Amino acid sequence: MRTVSLEQTTHPVLIFWIIAGWVGYCILPWYGVEGFWSFEWLVDGWPLDDDYAPAAVLVGVGQKLWLAPMLLALAAPLLVLGRRKTDPLYAQVLIAAGGFGFAWLVAQGLGIGLRGFTAEWLTTLFGTLDDRQFGMGYGAMVTASAFLFLFTHGIAARGAINGDVFVTSAIGGVIAVVTIFVFFPITKMLLAAFATDDGGYSVLGFFPKFFDDRIWGLDCLSGGRCGVAWNSLLLAVLVGVLTTLLGLAFALVLTRSGFRYKRLLRALTVLPIITPPFVIGLAIILLFGLSGTVTTSLAAMFGVEATRWIYGLPGILIAQLLAFTPIAFLVLIGVVEGVSPSMEEAAQTLRANRWQTFRTVSWPLMRPGLANAFLLGFIESMADFGNPLVLGGNFDVLSTEIFFAIVGAQYDQSRAAILAVVLLGFTLGAFYLQRFWLGRKSYTTVTGKGDAGVHPPMPNGLAYPVYAVVALWSAFTLVVYGMILYGSVVQLWGVDDTLTFKHYLTAFRIDWTEDGLRWTGSAWDSFWTTMTIATLAAPLTAAIGLITAYLLTRQTFAGKRAFEFGTMLSFAIPGTVIGVAYILAFNVPPIEITGTGLILVISFIFRNMPVGVRAGIASMSQLDKSLDESSLTLGANSWQTFRAVILPLLRPAILAALVYSFVRAMTAISAVIFLVSARYDMSTSYIIGRVENNDYGLAIAYSTALIFVMLAAVGLLQLLVGRTRIGRRTSHGEIH
Amino acid sequence: MTGINAKAASVRFENVSKVYGTKVTAVDNISLEVRAGTLVTLLGPSGCGKTTTLRMIAGLEMATRGRIFIGEKDVTKLPATDRDVSMVFQSYALFPHMTVMENVSYGLKFSGFDKAETKDKALAGLGLVGLTGYGDRLPSELSGGQQQRVAVARALVLEPQVLLFDEPLSNLDAKLRRQVREEIREIQQNLGLTVVYVTHDQEEALAVSDEIVVMRNAAIAQKGTPRELYEAPADAFVADFIGEANLIPVDIVALDGDTATVRIADYTHRLPSRGLPQGPAKLAVRPSRMRLVAGVGDGVPAVIDKATYVGSRMEYTVTAAFGTVFAVLDDVTTPFRIGDAVTISFAASGPVLIPASQPS
């Protein structure tokens, strides 16, 4: 009964991709079409109209003849349809056709742009080209995918990864998308940093701009203003150190104390994660701003002039501490729990007292984790955009500087690119340190074996200060969130304290008219866009993240380390840098998607993918590899194994990836602010716009609504994904 | 009701090697044949390459060199999915999120059976291992022995050409181990399955196998029936690994046809020469084949060093001029005491000659 696919002549998936290639080439519009999904193009002159024509028609009527060679690559695979997989010709033809087709498609896309050839040497070689082409559309995309997967079929047939088509295709797919949407834009941006005003590239022009005093100046030591790079660095180091200490304090209270309301404390530390980053900045303004509660009452009490002291380093620092301490906490709770209790118990039986145990065993074992938390805080602070924008005052940091270089009056792409390079240098440096210096020094001692011990409580000398810090910080967090809630229902902060729902009404008004429901609130547009885009991005992020995690944990292939590094890299790329890079790369053909919703979805996928990868890796390494192997020996192929065995057991990781990418898509601002357009405005950028117009009430009301929406969404996702019933024995000895 | 039938096929290795990276050779140029319908055990200490060999049959590892045949078909390049082989894992690898029934039906789903057939086969499989009625349980709701049987049923229902067992009993307690291995053997013989079985437990191997392949350092040390291996080990390694053996240095002083005369100190003993030349050799003697008599007699004089009473028999450590040996005697009523002078001799059958130095 069992069919052995060696005997099978053609893989059905191969047939699918061959057909897809032809559909992309002969039916779908080759170039980008606005409003593709409305399908108006179908009745609007397709297939002959130039704008909507598929490649086959264009070539047929003698236009865009450079698209013609791809026909060869589409036709060649038809030859192997009848052949066996083991036939060497099968693999050779597919590799040649897929490889050539893909390479040609990329080359013509990069080589021919809006004004004919894009490079000088192409013109010298082939003469001037009178034709031009726009950004690629769905036709090109489908055909390109078909070429890519024909190629991976060929590679698999040659025996790579045991001839596994699913795995080779997954690797090929991930490499392709990461290259296109991470490496390509970053490269474009690096090139832009070397660009001169007249459109050429110059290394000599780069250095004076790079070493500009506005970036690296040290005037603040002598009373002036320092360069933005130093500002960012100072801020990031402070944030890194302080978030690590605060996070550690929380982690210690949770694991090494008899504190009873641990769940509450955990909830409190998780709250900032579902908060748009700049909202905390807003609350800080409500508290400490010129007309802030604390400022005015202190001013009244001591009779001093209220100042704007909060704007600048102190404000950003406080806001970022509030925002990023939970991240440090989440890293450190793992580390602090990971120190095996039996080690601490061993130390105690060796006559160390609690303080000595902590100092000589627990603390040294936690040290690598602390460094890890520091670097994460450092990277997050460097990348943060919202808080410096709201609270920065005269304290410029790299991320905001980049923004003003692009959108401000200066509109200096090259300066933005150079600042982005500096920022990227800092974060990549930290990322590199984290991976290659700390990656090998983890002392986490959790093994598969049950560890019956319990962590000893903290020594008293440590416990009291830690309790004090945690209590103060918790109270402060509560006040800040109270402010957010309260601020959203106050008429005009600091001036008119009457309570009102006015802001919510302005934002979220719904009118019932004869035409039916009308969403008349000013926030609805951006709200629904955000929801749609977050809903689209979350499952895609989770999917690509988990597939990557599967490849990294379960498969071995050449270049795996580079593959891993590449996929985790986008974690270290600040959103502002991604934003700038995307604008530079995707504003022109071959991929012209700025101003669309697509670019937002894509930017979220690649910004948040590393988290999906990490969640996936963490839970996949908990699954014994013999589960996969037994599924394989039972006749399931690797895709069936992935779907039937691994995915169901990964539900917690899927949930984590979905929740995280959804929340991040709702709260992100740094990359978004470059990529939004009038048509696709996101909540966060809308709110920032309100803040800039000093419309704090509306901004805070909207933010509060977002927080509640996210809480609801997280709960809903939890229900949808559900729990995998693995079952645990409840009592022993009942079944034998 | 649909039964479970066997489509047993042979397995053949032709000069197969497996090299990890460039340096680590896990399996070095192995050739072997498993006849259809037999149970062959791969036996050896940990790290000897037996599990790698098994995984190469399954298709979970690919041979670096050489060819592997199942039946008459060359499967060297085929991945696990496409081989008609199923495997019972040491950890059982039951899918924790599926019921027993779903676990057993899992492979059938991918083999082109319709729903009714799948169900019948799965039920038949569960019946075969004595778990009828357990279909709705989750693996975690079963005892270790039951989980093991589910794993066997899951592999059996596919009617594989070859069934593989990777140390299937190592997670069971001693009593259960004997029972389950007898069940496995019984099913194998009733259905006429080809089974390749990996273990490091020599007693288990002797009990279940038609043939045993002893492996050492990535190569085959010896293969043969349990009796052949036990009674005629090729070298000291096999002699010692399969049941304990005392290895006593001897001199072959005369050869008469197939019979050798060996000298140990002043004592001579005659036994089959097994093709060994004159000169130094080793005599492998099972502890139970040692004869001890009190006082001085025909044999090698020795002194009792340790005497241990273990209920059904006595165990002695005895020191003679050539070294220390271990002996087991059935006489528990009048045991020797520590310090007693005894004379060692050997049972007429049992002791075998093996080469003096280990082949490397």
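Every number here is computed from the coordinates shown, using simple stated rules; none is lab data. Source: prediction; values computed, not measured. All Cβ positions, glycine included, derive from the backbone under ideal geometry; neighbour counts span all protein chains shown.
A few points about this structure:
- Peptide A:619-630 has a mean of 5 when you count, residue by residue, the C-beta atoms of other protein chains within 10 Å of its C-beta.
- Distant-in-sequence amide H partners of B:Gly44 (H built 1.01 Å from N, under 5 Å): B:Thr199, B:Met215
- With each label modelled as a point 7 angstrom along the Cα→C-beta vector, the A:Thr500-B:Glu244 pair spans 9.5 nm.
- Charge context of B:Ser46, other residues only, Cβ under 14 angstrom, K/R +1, D/E -1: -1
- For the stretch A:699-715, the residues whose backbone nitrogen is under 18 Å from a point 7 Å from the Cα of A:Arg509, taken along Cα to Cβ, are A:699-702.
- Folded to 0 to 90 degrees: helix B:100-109 orientation relative to chain B principal axis, Cα: 70
- Residue ranges A:107-119, A:86-98 sort as A:86-98, A:107-119 when ordered by packing (mean number of other C-beta atoms within 10 Å per residue, highest first).
- Dipole in debye (nearest 20) - chain B, about Cα centre, beta carbon charges: Lys, Arg +1; Asp, Glu -1: 560
- Taking a ≥ b ≥ c as the square roots of the eigenvalues of the Cα gyration tensor, the stretch A:465-555 is classed as oblate, since a/c reaches at least 1.5 and a/b does not exceed b/c.
- Inter-centroid distance (Cα atoms) of the stretch B:24-68 relative to the stretch B:270-308, Å: 36
- The residues packed around A:Val93, meaning those with a beta-carbon under 10 Å from its beta-carbon, carry a net charge of 0 if Lys and Arg are +1 and Asp and Glu are -1.
- Cysteines without a disulfide-compatible neighbour (Cβ-Cβ under 4.7 Å), chain A: A:Cys26
- Whole-Hz ³J(HN,Hα) from phi, Karplus 6.51 cos²θ - 1.76 cosθ + 1.60, for the stretch B:218-224, glycine and proline x: 6, 10, 7, 8, 6, 10, x
- The C-alpha atoms of chain A define a longest principal axis, and helix A:12-26 lies at about 80 degrees to it.
- Cα-projected label distance for B:Asp266 with B:Asp136, points at 7 Å along beta-carbon direction, nm: 8.1
- Peptides ranked, highest mean first, by Cβ atoms within 10 Å: ranges A:542-554, B:324-336, B:196-208: A:542-554, B:196-208, B:324-336
- Note that the stretch A:239-247 has calculated 3J(HN,Hα) couplings of 4, x, 5, 5, 5, 4, 5, 5, x Hz, one per residue in order, obtained from phi through the Karplus relation 6.51 cos²θ - 1.76 cosθ + 1.60 (θ = phi - 60°); glycine and proline are x.
- Helix axis angle, A:138-157 relative to chain A longest principal axis, alpha carbon, degrees: 80
- Under 28 Å from B:Lys282, Cα to Cα: lysines that are on another chain or at least 8 residues apart: B:Lys50, B:Lys223, B:Lys306
- Note on A:Arg435 and A:Gln622: the extension gain reaches 65.2 nm, defined as 0.36 nm multiplied by sequence separation minus the Cα-Cα distance.
- Three-way shape call for chain A based on the alpha-carbon gyration tensor, with the a/c threshold at 1.5: oblate
- Applied to the stretch A:633-646, the Karplus parametrisation 6.51 cos²θ - 1.76 cosθ + 1.60 on θ = phi - 60° returns per-residue 3J(HN,Hα) values of 6, 7, x, 7, 8, 5, 5, 5, 5, 4, 6, 8, 10, 6 Hz, with x for Gly and Pro.
- Under 5 Å, built H, 5+ apart or other chain: amide partners of B:Leu39: B:Val195, B:Asp210, B:Glu211
- For B:Gln222, nonlocal amide neighbours, meaning residues 5 or more places apart or on other chains whose placed amide H falls under 5 Å from its own, are B:Val214.
- For trypsin sites (Lys or Arg not before Pro), the sites in the stretch A:344-416 that DSSP calls loop and that have at most 12 other Cβ atoms within 10 Å are A:Arg351.
- Neighbouring partner chain Cβ atoms per residue of B:108-121, average, 10 Å criterion: 2
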